[in-house]
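See structure below.
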Amino acid sequence: MNAGSFAGGVVTLDRISGLLVALAGLWLLTYGIDAHVKVTGFESPSPQLFPRIGAWVLLVFGIAQVVLTRTATALPTRRVLGRYALVSVMLIGMVWIMEHFGFVIGAMVMLGGLMLVVYERRPLWLIVTVVAVPLSIWLIFEVLLERPLP
Amino acid sequence: MPDLATVVGGLSDAFTLTNLFYIVLGVTLGQVIAAIPGLGTVMALAIVIPFTLALDTLTAVAFLISISKGGTVGGAVSAILLNTPGSAEAAATTFDGHPMAKKGQAGKAMKYSLYYSIFGDLSSDIVLILVAAPLATVALQMGPIEICALMLLAFTVISGLVGESMIKGFIAVGFGLLLGSVGLDPGYGIPRFTFGSFELYDGIPLGPLALGMLAVSVIIREIAKMKRADAGDSTLEVLPSENQRVTMKELMANRYVAIRAFVIGTVIGAIPGLGSSTAGMLSYSVTKQTAKDPEKFGTGDPRGIAASETANSAVVGANLIPLLTLGIPGNIGAALLVGAFVIHGVQPGPLLFEQQGRLVYGLFGAMLLANLANLTVGQFCMRLWAKVISAPATVVYPSALIVCSTGMYLITGSSAGVLFMVASAAVGFAMISFGYPFVAFIVAFILTPQLESAIVQAVRIADGDWWIVLRHPIALALLVLSVVLVIYLTPTKRQDVAAA
């Protein structure tokens, strides 16, 4: 985003994120804290005091960001966001594979998948890394240090 | 002040075989990981914290501080060879380190960086050892009202100095305070935001959060940004170098530059929120501006390396001054160190010298040993790191992600931990993308228990009389200073961004 976006009144990502932060603070102050921090009313100071301080910080500075922001953040491209989501999903998938087939198989599948995602296509690099890294980790922790892995 | 027996006993505690092993391992890991562009010291710390759970407190902290120290040396390797700093603090080293490498003196540049780095690090450690205990004694005079004011000042400084906007810094602080307040409240033991989960009664654990936000989010982002054309690229191009020796005469020729850089690094390190990158840049800039022949800088002048490396390394020891005396971490590395202390049941702050004096002096002993290890490992292995880090990014990043997932599993003992890590990484990615500074968040998250206890005590002391602060001149001065800093720092930030 260029410097022209700094002019007052322009909707920037920073103003949007400031608004979301302020709304989060407002939600916490009006509902969230009461719902998730149950007090009898006789405590002094209240256990709600500190979360309320945090929520007020979000509300006040969220509004300040909407009104006073002088920065203009640009979001990563759709491609980067998509690939980020893909790797996150792959990590979750690795958890499932590890639970069902064990650490070594899960890590090998994950590592191979990740290397393909980053466009590694050299067979030797792929095979050596996919076999050596998970086995090394397994040997160090499971065998040498006796720390249980899935 | 600790007695002599505590000091000697503590220093000798560092000299066990186990500690020596972990110090050498930490320095080696720090040098290697910080040398790889895109990884860096903070990521190394976040990754290894889970593995320190099984160690005793001194060994764990010595291991982590050794990684920090190794990182200051390792970051210079790729700065010199590739013109890309392995870690941000070595950015100024590229200005003269890389031109020197292009002249065929890469080995010499790396040795300059190693020796000046060790000098800065060791000197600031000595300052830390000399001033920490007296400062802690002064800090003990502070009551909860002063501590509240001091932490407010720390948040203001950190919010104002890091990131692109002070407002975003304060939002990150608010977010850290909220997440830090999850669990049982310190006054009455009432659960807060636990959603019925007993596992959250102790709060959100720092290790998984830091691993997800500081390490995994950055690794996944790097993976996401990679393009087909990057595949197979080495992260480093190793350049040929000859005539590698650096003589004592050559080192001493830059002694005044190094001493000034050490002073700059130590002062900046002692101020929360600044850090090694600022110290390196400022020192380089001052050295160039005050030189009789500034035109030589940027062409491979050893003074440039001396200025940058001495200053950025001097930050490591000085950073522990506010941490050990006030309990306030100055940067993410120090914050993670606090996390390691807390995991082992130790709360940094002025009472640390009274209650855990032996541990503190054990840490000081470990720091001195780590400098020696850093010098030795660097002396023999820097050329080797140049080979090691030439591994392609297509191998480094996926492997690092597997190591992080393993660490996460080991911390939590369940696969749910890996899912928590992925969620933390997503939050971290959003923070990076929207420009909310990590350091403000992590420092606030870590300081929350201490701040909340101080607030609870201050509220009880005040008993509704808010004017009580007028009867506490130190607290009043700290609060006024916070307000002045808000006024002073905010417009500067705006101008900087607008100018950019």
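Among (1) surrounded by fewer than 20 Cβ atoms within 10 Å (Cβ to Cβ); (2) farther than 20 Å from B:Arg192 by Cα, where does A:Gln65 come up short?
(1)
Testing A:Gly62 on (1) at the interface with chain B (Cβ under 7 Å from one of its Cβ atoms); (2) under 18 Å from B:Ile223 (Cβ atoms), one condition comes back false. Which one is that?
Going through (1) at the interface with chain B (Cβ under 7 Å from one of its Cβ atoms); (2) under 18 Å from B:Ile223 (Cβ atoms) one by one, A:Gly62 breaks only (2).
Quick one: B:Val388 ticks every box in (1) touching a Gly at 6+ places or on another chain (Cβ under 9 Å); (2) more than 7 Å from chain A (Cβ to nearest Cβ); (3) modelled with pLDDT under 85 except a single one, so which number is it?
Single failed check for B:Val388: (1).
Look through segment B:1-36, keep the residues that are surrounded by 22 or more Cβ atoms within 10 Å (Cβ to Cβ) and in a loop (DSSP other than H, G, I, E, B), and return whichever of them is modelled with the highest pLDDT.
Among them, the one singled out is B:Ala14.
May I ask you to verify whether B:Ser123 is surrounded by fewer than 24 Cβ atoms within 10 Å (Cβ to Cβ) and in contact (Cβ under 8 Å) with a residue 40 or more places away in the chain? Explain how you work it out, then say what you get.
Values: surrounded by fewer than 24 Cβ atoms within 10 Å (Cβ to Cβ): yes; in contact (Cβ under 8 Å) with a residue 40 or more places away in the chain: yes.
The answer is yes for B:Ser123.
B:Val403 passes all but one of (1) modelled with pLDDT under 80; (2) within 14 Å of chain A (Cβ to nearest Cβ); which number fails?
Of (1) modelled with pLDDT under 80; (2) within 14 Å of chain A (Cβ to nearest Cβ), only one is false for B:Val403: (1).
Could you run through segment A:98-135 and say how many residues are closer than 29 Å to A:Arg79 by Cβ, among the hydrophobic types (A, V, I, L, M, F, W, C) and buried (at least 18 other Cβ atoms within 10 Å of the Cβ)?
Number satisfying all stated conditions: 12.
Output the residues belonging to segment B:411-423 that are over 18 Å from A:Gly93 (Cβ atoms) and under 24 Å from the mean Cα position of the chain (by Cα). Spell out the reasoning first.
Kept after step one, since they are over 18 Å from A:Gly93 (Cβ atoms), are these residues of segment B:411-423: B:411-413.
Selection gives B:Ile411 alone.
Can you tell me which residue within segment A:9-51, out of those that are of a type outside the set (A, V, I, L, M) and in contact (Cβ under 8 Å) with a residue 40 or more places away in the chain, is nearest to the other protein chains (Cβ to nearest Cβ)?
Checking each candidate, the answer is A:Ser17.
Take B:Leu451 and tell me if it is hydrophobic (A, V, I, L, M, F, W, C), over 25 Å from the mean Cα position of the chain (by Cα) and assigned to a helix (DSSP H, G or I).
Taking the combined requirement at face value, the residue does not satisfy it.
Keeping to segment B:433-453, report how many residues are in contact with a Pro (Cβ under 9 Å, 6 or more places away or on another chain) and either surrounded by fewer than 19 Cβ atoms within 10 Å (Cβ to Cβ) or within 11 Å of chain A (Cβ to nearest Cβ) (or both).
Selection size over segment B:433-453: 4.
Could you run through segment A:91-121 and say how many residues are within 17 Å of the chain's Cα centre (by Cα) and more than 9 Å from chain B (Cβ to nearest Cβ)?
1
When you check B:Val360 against the structure, is it within 20 Å of the chain's Cα centre (by Cα), touching a residue at least 40 places away in the same chain (Cβ under 8 Å) and surrounded by fewer than 19 Cβ atoms within 10 Å (Cβ to Cβ), yes or no?
Here the answer is no, as B:Val360 does not meet what is asked.
In segment B:46-85, what residues are of a type in the set (S, T, N, Q) and under 14 Å from B:Leu25 (Cα atoms)?
If the condition is that a residue be of a type in the set (S, T, N, Q) and under 14 Å from B:Leu25 (Cα atoms), then B:Thr52, B:Thr59, B:Ser66, B:Ser68 are the ones that fit.
The values are calculated or read from the model by the stated rules, or taken from the named source; none is laboratory data. Remember, predicted model here, so these are calculated numbers, not experimental data. All Cβ positions, even for glycine, are placed from backbone atoms using ideal geometry, and neighbour counts span all protein chains on display.
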